[in-house]
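Novice: To start, I am sharing the structure in question, which I have written as structure tokens.
Every number here is computed from the coordinates shown, using simple stated rules; none is lab data. Here the structure is a predicted model, which is why all the values come from computation and not from measurement. Because the Cβ atoms are built from the backbone with ideal geometry, glycine has one as well, and the counts that use them run over all protein chains shown.
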Amino acid sequence: MAENTLNLIRKHDFLVCVDSDGCLLDNMELKHKECFCPATVNVWDLQPISKYARKAAEFVNLYSRSRGWNRFPALVRTLDLLFERPEVQEVGLKKPDLTSLRKWIEVTPSLSSPALRRYCEENNIQDDTLLRAARWGEEVDENIRRIVRNILPFPNVKPTLSKLREYADVMIVSATPDDALVRELTACGVIDYFDCVAGQQTGTKTQSIRMALEKGGYDVDHVLKVGDAASDLKAAQDNGVEFFPIVPGNENASWKELGDVALASFIDGSYRAEKMDAYIENFFASLPDAKTWD
């Protein structure tokens, strides 16, 4: 069974930090299309513009460089893009005032639904936007508990994780809530490949990697972040560690490449100098930054 992040015990000189949704597990489309989007339309009263709300949400969370963002910054970006559309402006719906949510995102140490609910309760806050955002996050979590099951890892995940564990400690570093992570990793039979699980309640991806570095004393050139989103790359860059992308749409081939090619160069110390930039360039080619959802 995976341990808590703070109890990570170093067993190897190397550490590999793996993202979960859309990287390890083939569940991104299911979660966002069937769990996040319906909650967004329902809680934010977007029924008259649901078609455009879905397009904006899918672009932000699946098909652009904000893929993999924490849910609350992604929600803000979704609503910003949605209400920029001329078709939406013509309908005449008033955009929610997101000022208080933006402020909370900037100051909170934990970008999670329970943390937002505690913040509102402890400060006796009756702000409509914050209360609605808390309710939205809870509805997303309820949808996930109700709908997300029978999820599988990509086929080449288990063979590659087995190779990684020969040389490195392996942990999950994800923006998914911790309880959902443990439930999904256990259900699909991969939980025991990991030495610890660091999810949304543990901290941001950057914070979780930093905690692991401090706890294990790993050299930054001996740490690899594996992920399918620009947020994974940023977490790696924030900590000065190396990055290997799982390319959206080519996940299984990416896992095979990691196990068959990239792992050896990571272990022998040549990965950053010889391979990483080319992998990252190919990765960004798959994720547009400009709006393409019109």
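Novice: Tell me, rounded to the nearest percent, the portion of alpha carbon pairs in the stretch 28-147 spaced more than 25 Å apart.
Specialist: Of all Cα-Cα pairs in the stretch 28-147, 19 percent lie more than 25 Å apart.
Novice: Please arrange V261, V43 by how many other C-beta atoms lie within 10 Å of their C-beta, fewest to most.
Specialist: Ordered from fewest to most neighbouring Cβ atoms within 10 Å, V261, V43 come out as V261, V43.
Novice: Of the beta bridges DSSP finds with both residues in the chain, what % are antiparallel, to the nearest 5?
Specialist: 5
Novice: Here is a further query. What is the Cα convex hull volume of the stretch 88-208 when expressed per residue in Å³?
Specialist: Enclosed volume per residue, from the Cα hull, is 156 Å³.
Novice: Which loop-located GluC sites (Glu not before Pro) does the stretch 14-97 contain, where loop means any DSSP state but H, G, I, E or B and the Cβ has at most 14 other Cβ atoms within 10 Å?
Specialist: Qualifying residues, ordered by number: E84.
Novice: Here's another thing I want to ask about it. Near V60, within a Cβ-to-Cβ distance under 12 Å, what is the net charge of the other residues, with Lys and Arg +1 and Asp and Glu -1?
Specialist: So the environment of V60 carries a net charge of +4.
Novice: Ordered by residue, what ³J(HN,Hα) values in Hz, to whole numbers, does the stretch 28-35 give under the Karplus form 6.51 cos²θ - 1.76 cosθ + 1.60, where θ = phi - 60° and Gly and Pro are x?
Specialist: 5, 4, 4, 5, 6, 7, 9, 10
Novice: Name the trypsin sites (Lys or Arg not before Pro) in the stretch 117-181 that are in a loop by DSSP and that have at most 15 other C-beta atoms within 10 Å, would you?
Specialist: Loop-located and lightly packed - R149.
Novice: Per DSSP H run of n ≥ 4, the term is -39500 (n - 2.57); total these for the chain, divide by its residue number, and report the mean residue ellipticity at 222 nm rounded to 500 deg cm²/dmol.
Specialist: Result for the chain, helices only: -14500 deg cm²/dmol.
Novice: What's the exposure ranking of I105, I9, I209, I49, going from fewest to most Cβ atoms within 10 Å?
Specialist: Least to most surrounded, the residues fall as I9, I105, I49, I209.
Novice: Using only Cα atoms, what is the ratio of the radius of gyration of the chain to 2.2 N^0.38 Å?
Specialist: 1.01
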